[in-house]
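Following: one structure in structure tokens, then a few remarks.
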Amino acid sequence: MKINLKKVLYSVLLGLMPFIINAQTSKYKCLLQMNNYMGEGAYIVVSLISPQGQYEKTLYIMGDDKRWYNNLKEWFKYYSKKKDINAKTGASVTGGDRSITTLEIENSKINKGYKLRFETAVEDQKYYTKDLEIPLTTQALSGKSTGTGYINYVRLSKIQ
């Protein structure tokens, strides 16, 4: 009986593919607690920021009506050039409410100077470019961080 080595290697690689793909990213549960404020729901965008301070990727958008995206001024400059969002989109979050989402983060970005930026805007109210920035470090990704605007805090915990 002759064994075809190429077929065996292909089968092994095909079987390992899910593990290889999952090893490249990790999922984090993101609990976002808003401060109590009066007014409309906040539009929040979670972005991956490079060590040089540039937008690299949009991870999540809270607020699904695209006509309000321009209120997230700094992020919108980045978005309007690409017009391509791979991020999940959910509902806006009102004062005092909570939102629980899942963020998928590339492992290669952790402990390399990257940050998660939470940018917030509420209709007819103040806009916060950096309501919250969380360094992408092992320690910061397992804790609670306090916002400076509409966000009271964000708690991240690894789920994968």
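Quick note: the coordinates plus some simple rules give every number you see, no bench work behind them. Quantities reported herein were computed from a predicted structural model and do not represent experimental measurements. Here Cβ is always computed from backbone atoms with ideal geometry, including for glycine, and neighbour counts include all displayed protein chains.
Where strands (runs of 3 or more DSSP E) fall wholly inside region 41-102, the ranges with 1 or more residues that are of a type outside the set (D, E, K, R) and in contact (Cβ under 8 Å) with a residue 40 or more places away in the chain are 43-49, 55-62. Looking only at residues in region 35-63 that are of a type outside the set (Gly, Ala, Ser) and loosely packed, with under 12 Cβ neighbours inside 10 Å, the one that is nearest to Asp124 (Cα to Cα) is Met38. The single condition among (1) in contact with a helix residue (DSSP H, G or I) (Cβ under 9 Å, 6 or more places away or on another chain); (2) over 22 Å from Gln54 (Cα atoms); (3) buried (at least 17 other Cβ atoms within 10 Å of the Cβ) that Tyr79 does not satisfy is (2). Of the residues making up region 122-160, those that are over 19 Å from Lys27 (Cα atoms), in a strand (DSSP E or B) and either touching a His at 6+ places or on another chain (Cβ under 9 Å) or among the polar types (S, T, N, Q) (or both) are Thr129, Thr146, Asn152.
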